[in-house]
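Working notes, structure below.
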Amino acid sequence: MERALRPILDNLNELERGQVRIWRNSAIVYNGTCSTGDNASFVVVPFADGTDPTEQPHYLPPLKSCQAVYDLNSRQRDAYCRGYGLARRNRNVEQCTKFILTAIGSIAI
């Protein structure tokens, strides 16, 4: 029975991965259309692994504006950099902040 279900489960897993890619890409594109000032209203961009940074196990503040990125403390900034895929050796505050802004689709860099 398990052998017969394997192709179906594989297809479901592939659909889920595709859905996460679509979610990420649409959030990034949407954020790129937002303003750069205090009126910006970004949507949350999932991490590279598809998890939501504002939910378990991360519980990070939502990045709904450029100011939200600038307001991150060092622990939160490091967690966002890791989640979006910035290598540890390349992290300083300015680089990490620019990387996060780019990763979420902001044009305010």
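The values are calculated or read from the model by the stated rules, or taken from the named source; none is laboratory data. All figures in this text were calculated on a predicted structure; none of them were measured in a lab. Here the Cβ is made from the backbone with ideal geometry for all residues, glycine too, and neighbour counts use every protein chain on show. These accessible areas exclude ligands, DNA and RNA; they are computed on the full protein's heavy atoms, side chains included. Shrake-Rupley method; radii C 1.70, N 1.55, O 1.52, S 1.80 Å.
Taking the highest mean first, how do the peptides 48-57, 7-16 order by number of other beta carbon atoms within 10 angstrom per residue?
Working: 48-57: 12.1, 7-16: 10.0.
My ranking of the peptides, most packed first, is 48-57, 7-16.
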* Structure fact -> What helix-only [θ] at 222 nm does the chain give? Using -39500 (n - 2.57) per DSSP H run of at least 4, over all residues, to the nearest 500, the answer is -17500 deg cm²/dmol
* Centroid-to-centroid separation of the range 50-105 and the range 1-38 [C-alpha atoms, Å] -> 20
* Using only the alpha carbons, work out the radius of gyration and Dmax of the chain in angstrom. => 16.2, 56
* Compute the acute angle (0 to 90°) between the alpha-carbon long axis of helix 93-103 and the principal axis of greatest extent of the alpha-carbon atoms of the chain; round to the nearest 10°. => 50
* **Computed lengthening from Thr33 to Ser74, 0.36 nm per intervening residue step minus Cα-Cα distance** => 12.0 nm
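About the Cα centre, and with charges only on the beta carbon of Lys, Arg (+1) and Asp, Glu (-1), how big is the dipole of the range 43-109? Nearest 20 debye, please.
Values: 8 positive and 6 negative charges, 57 e Å.
Here the size comes out at about 280 debye.
Inverting the mean 1/r over all pairs of different Cα atoms, compute the Kirkwood radius of the range 51-109 and quote it in Å. Walk me through the numbers on the way to the answer.
Numbers: mean 1/r = 0.0878 Å⁻¹.
Here the Kirkwood hydrodynamic radius works out to 11.4 Å.
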* Structure fact -> accessible surface per residue for the chain, probe 1.4 Å, DNA/RNA/ligands not counted, whole Å² -> 65
* Helix 74-84 versus the longest principal axis of the chain: what is the Cα-based angle in degrees, 0 to 90, to the nearest 10? -> 40
* **Computed FRET value (nearest 0.05) for Leu9 with Asp52, which takes r as the C-beta separation and R₀ as 30 Å** => 0.80
* Structure fact -> Descending packing, highest mean Cβ count within 10 Å first, for 67-73, 96-102 is 96-102, 67-73
* To do: Specify which residue in the list Gln95, Gln19, Leu60 is farthest towards the positive end of the charge dipole of the chain, using unit charges on the beta carbon of Lys, Arg (+1) and Asp, Glu (-1), about the Cα centre.
  => Gln95
